[in-house]
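The values are calculated or read from the model by the stated rules, or taken from the named source; none is laboratory data. Remember, it's a predicted structure, so these values are computed and weren't measured experimentally. Note that each Cβ is placed from the backbone with ideal geometry, even for glycine, and that neighbours are counted across all protein chains shown. Keep in mind that these areas ignore ligands, DNA and RNA; they rest on the heavy atoms of the full protein, side chains included. Shrake-Rupley method; radii C 1.70, N 1.55, O 1.52, S 1.80 Å.
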Amino acid sequence: MSENFHDIEKKMQRFWDERGIFKTNPNPKKKYFILDMFPYPSGDLHIGHSRNYTIGDTVTRFKKIRGFDVLHTFGWDAFGLPAENAAIIHKIHPEAWTKENIEISKKHLKELGIAFDWDAETTTCDPDFYRWNQYFFIKFYERGLAYRKESYVNWCPNCQTVLANEQVKDGHCWRSTCGSAIEKRKLTQWYFKITDYTQQLLDGLKELKHWPEPVKIMQENWIGRSEGVEVNFKLEDGTVVPIFTTRPDTLFGVTFMALAPDAVLAETISKGTEYEKKVKDYIAEALKKPEIERAGTETEKTGVFTGKYAINPLNNERIPVYIADFVLASYGTGMIMAVPGHDQRDFEFANKYKIPIKVVINPSETKLKVDLMDKAYIDEGVMTNSGQFDGMNNIQGIEKVTDYLESKGLGKRTVNYRLKDWLISRQRYWGTPIPMIHCPKCGIVPVPLDDLPVLLPKNITDYVPKGKSVLAGVPEFINTTCPVCGGKAERDPDTMDTFVDSSWYFLRYTDPKNDKMPFDPKRTNQWMPIDEYVGGIEHATGHLIYFRFFTRVLHDMGMLKCSEPCDILHTHGMVKLDGITMSSSKRHGVWLGDFLKEHGADVCKLAVLFAAPPEKEIDWTNEMVTGVSRFLSRIKALYENTTPNFDLPKSVIANITMQSPEQNLYIRLNQTIKKVIDDSERIQYNTAIAALMEFLNDLTGFENKENPVYKYSLGIMIRLLAPFAPHISEYLWLKYSGKEHSVFEETLPEPDTSALSFTSITIPIQIQGKLRSKIDVSVDTSEQDIKSQALADEKVKKWIEGKKIKQIIYVPNRLVNIVTSLPENNIDK
RNA sequence: GCCGGGAUGGCGGAAUUUGGUAGACGCAAGGGACUUAAAAUCCCUCGUUCUUUAACGGACAUGCCGGUUCAAUUCCGGCUCCCGGCACCA
């Protein structure tokens, strides 16, 4: 083998390209849609990226060689802040910067030899793509799923834009390079009404049989369904103030009410009273605090008395109303009933502001004394001080009190969710313009569909964020005419969250060139749902909820048959270097370009697959390369000495003699085929590769290199190895098979099931569950024979001497366990 | 705090689906062969420990403590530690 791996890899990549073997079949018979989470184009790729694409590549090649029509293509999540920041720093247009990065990344991916159909490549900052974001926005608007409202929103002071809830991590900006503390601002913004689909998104999780359980649990928690009661309290002036509670059994213990500082009522409740100024100052102070300071559980709760009282509908008690920073405006009704005796938060607040505490539930054995309580009692117990409910178990009490409230019209059963509507406006330049027009006469008017796309203007020089969209300062973009009345009007200056792009990009993959619609349902429904989706776990509660939401809306619009986008989800672990996740933006990693130069693509693929099972994290070390690199060299050496055979005549199989080395080899071959297929189906590629290494050891140890079984094994080995080390496998295939077509146009052989087990096996013998000996028997030996052989074994005899055999357990083909006891006359000694 | 996941040799990891020979495969390490030498390659050893001339011998060993079982890394109960998610959600 005179050619080095660079030449081989280049040649094979050209061969696949020219033959177009990974081009999408427009009329698939056995479809298989494999999707990698598309990346932000960050330029230089590192080993962490290659792990994601290598997994997808291996799935693709494995499915292809098993006879599927695969769809596996690629795209770029090309809008977003880094391009804009680069523009500010380097004075280069975001588009130029983005395109340049795409070229670099693409070059690396091609050198890695990932099996993509590049003809279907999709880039979200192309008008051909983003016009359909605008199309969907208008369609959502028509269905009441896109709306504008004013409220307090997450504001990143560094990025100078709002963020969705999913983009706030620990009260800080989600972007790893930003991380600023998030503030609250009152703004009018566009939202997608994902809350119309909350229950569907929750119920749909049950259909996702092949999603990792942790991801489903995370989504379930994120959605946060909780059942309770909305109880109507009244202020003394008669204003009804509903509150949500899951603990109606504690209603008799309410000693104060609390209102969120950003709740609507908070602004007006003290108006015209002596409390007005104090309350106003408090609200201003509370909202100025960064989210993290206000929301942390460790932070001391604060509040202010409003001067108003509410009436408890159950016992008509008069209770003070506070404004308190621990109450969230966005959950329930923005107001709570507080039961300090049985809620820890209320307990702390009550202690601080000297509000009385009332016990309404006692533990079954004792009675609580308020003076002695150092924390709220939140466990199960017996109701007390609760009128007609006294003596009742409080769990039953929840139902009974609720029934009572409903029967008196004082409240009703309600379900609340933690999930909020999806805020999609961004005050930034590099994104999809929101296709809405603000007309002084007609109000908000969508851009007519025929006028799409609303192009993002390119002649911008100043990207520095000023707290409002860059586009607001571009008159030739902003000024337009109203499509309804024809009068002067203005375009919406905001752009869309890039999670809109990633919510449907995979659908575009199925019909990438369509210029009449985002995709033709006839084509797309042939491929949907996605069969396997490979990506990082960090998208569990963001993207992976959004794309389910989009799928359901498009299903309701009649564009998609499926209501869930994806059958199997694989979340792979991060690749770290020195304990820190590899990152392009932080320039921390092992760079793919350098790696490929030194080791080549096949070694890169094998190394990341062999290092650990896909879901685990990898802490990268250079030693991970050595083993697989040796493995490939040893493989090559095999074929230098012997020419493989691709067929094994029946006559040869028939002549294989029992217990011969060639019989053993034939059995090992078929065991390997089975193991590689089984492991690959559940993407346990590390053990599939280990099986190939074991078989290589068998081949190396086999003496007669001209034996037909040996030569046939070499032929099979090429195909088994192909999904993991595609370049070298293709090279060997083309060199020795005499065929013109690719190894990936072959089919993987199925194991010869008659040759999966050896004719003789070793049975371990245990005494009292401890391994004491082993015997070799032929597979058809009867249980009786095996037991007597076991008892006749020399070592076994020594162990059972002088003991009584109580029982002999035989697990077919697995083991024998002899249970003994001391003879009667020995027991007393 | 709540919800997940995990803990196996010097290291990455197998075996956990269905309880049945714990440590596959690889790395590192040690020894040897080849070589003027090195690299590469090949062969052998490789959980701990005890007895021993020697082990194809015994004991111990899958985070810790208990339980179920003929048999537990696997099942059950109780802990410890690590990682991830959520974090005043009423």
Length gained when the stretch A:Ala181-A:Trp118 is fully extended (0.36 nm per residue, less Cα-Cα span)
18.6 nm
Tail weight of P(r) past 21 Å, computed on alpha-carbon pairs of the stretch A:193-336, percent:
54 percent
Using a 1.4 Å probe on the protein chains only, how many percent of the accessible area of the stretch A:625-755 belongs to carbon and sulfur?
48 percent
Theoretical gain in end-to-end length, A:Glu406 to A:Asn351 [0.36 nm per residue, Cα-Cα removed]:
16.5 nm
I want to verify the translational diffusion coefficient of the stretch A:689-829 in µm²/s; compute it with Stokes-Einstein, Rh as the Kirkwood radius over Cα pairs, at 4 °C and 1.567 mPa s.
67 µm²/s
How long are the three semi-axes of the equivalent ellipsoid of chain A, in whole Å, if each is the root of 5 times an eigenvalue of the C-alpha gyration tensor, listed from largest down?
60, 43, 22
On the accessible surface of the stretch A:226-416, probed at 1.4 Å, how many percent belong to carbon and sulfur atoms?
51 percent
Which of the GluC sites (Glu not before Pro) found in the stretch A:605-701 are loop residues per DSSP with 15 or fewer other Cβ atoms within 10 Å of their Cβ?
A:Glu615, A:Glu617
Quick one: net charge of A:Leu592's neighbours, Cβ under 13 Å, K/R +1, D/E -1?
+2
Any aspartates and glutamates with Cα under 14 Å of the A:Lys705 Cα? List them, leaving off those in the same chain fewer than 8 positions away.
A:Glu640, A:Glu662
Which whole-number percent is the relative contact order of the stretch A:421-540 (Cα, under 8 Å, 6+ apart)?
29 percent
Estimated FRET transfer efficiency when R0 is 30 angstrom, pair A:Ser660-A:Lys636 (beta carbons, to 0.05)
0.60
In nm, the gap between the two label points placed 7 Å beyond Cα toward Cβ at A:Val819 and A:Lys375 is 4.7 nm
For the stretch A:760-827, go through all pairs of different Cα atoms, get the mean of 1/r, take its inverse, and jot down that Kirkwood value in Å.
12.1 Å
Gyration tensor verdict on the stretch A:625-755 (Cα atoms; rounded if a/c is under 1.5, prolate if a/b is larger than b/c, oblate otherwise)
rounded
Can you work out the accessible area per residue across chain A, with the rest of the protein chains kept in place, probe 1.4 Å, in square angstrom?
45 Å²
How much length would be gained if the chain were fully extended between A:Leu455 and A:Leu205, taking 0.36 nm per residue of separation minus their Cα-Cα distance, in nm to one decimal?
86.2 nm
Overall form of the stretch A:84-206 per C-alpha gyration tensor (a/c, 1.5; a/b vs b/c):
oblate
Which whole-number percent is the relative contact order of the stretch A:760-827 (Cα, under 8 Å, 6+ apart)?
35 percent
Rg/Rg_ref, the stretch A:226-416, where Rg_ref = 2.2 N^0.38 Å and atoms are Cα
1.01
Shape category assigned to the stretch A:329-392 from the gyration tensor of Cα positions, a/c cut at 1.5:
oblate
Nearest-0.05 FRET efficiency for A:Glu794 and A:Lys735, computed from C-beta distance (R0 60 Å)
0.65
At R0 = 22 Å, how high is the FRET efficiency between A:Ser226 and A:Glu399 if r is their beta carbon distance? Nearest 0.05 is fine.
0.90
Name the GluC sites (Glu not before Pro) in the stretch A:705-812 that are in a loop by DSSP and that have at most 10 other C-beta atoms within 10 Å, would you?
A:Glu706, A:Glu740, A:Glu801
Candidate lysines for bridging to A:Lys193, where Cα separation is under 20 Å - those fewer than 8 sequence places away on the same chain excluded:
A:Lys139, A:Lys149, A:Lys420
Report, in whole Å, the centroid distance computed from the Cα atoms of the stretch A:606-665 and the stretch A:97-175.
43 Å
What's the percent breakdown of Cα-Cα distances in the stretch A:562-621 across 5 Å bins, shortest bin first?
4, 16, 19, 23, 17, 8, 7, 4, 1, 0
How about the stretch A:358-449: which trypsin sites (Lys or Arg not before Pro) there lie in a loop by DSSP and see at most 13 other Cβ atoms within 10 Å?
A:Lys367, A:Lys369, A:Lys375, A:Lys408, A:Lys441
Give the span of the stretch A:176-265's Cα atoms along each principal axis, as three whole-Å numbers ordered largest to smallest.
54, 37, 23
Given a cut-off of under 8 Å on Cα pairs at least six residues apart, what relative contact order in percent is computed for chain A?
15 percent
Antiparallel content of DSSP bridges confined to chain A, in %, to 5
75 percent
Could you give P(r) for the stretch A:32-80, binned at 10 Å from zero, as whole percent values over all Cα-Cα pairs?
25, 47, 24, 4
In deg cm²/dmol, rounded to 500, what helix-only [θ] at 222 nm does chain A give when every DSSP H run of at least 4 residues adds -39500 (n - 2.57) and the total is split over its residues?
-11000 deg cm²/dmol
Beyond 22 Å, what share of the Cα-Cα pairs of the stretch A:527-680 remains, rounded to the nearest whole percent?
64 percent
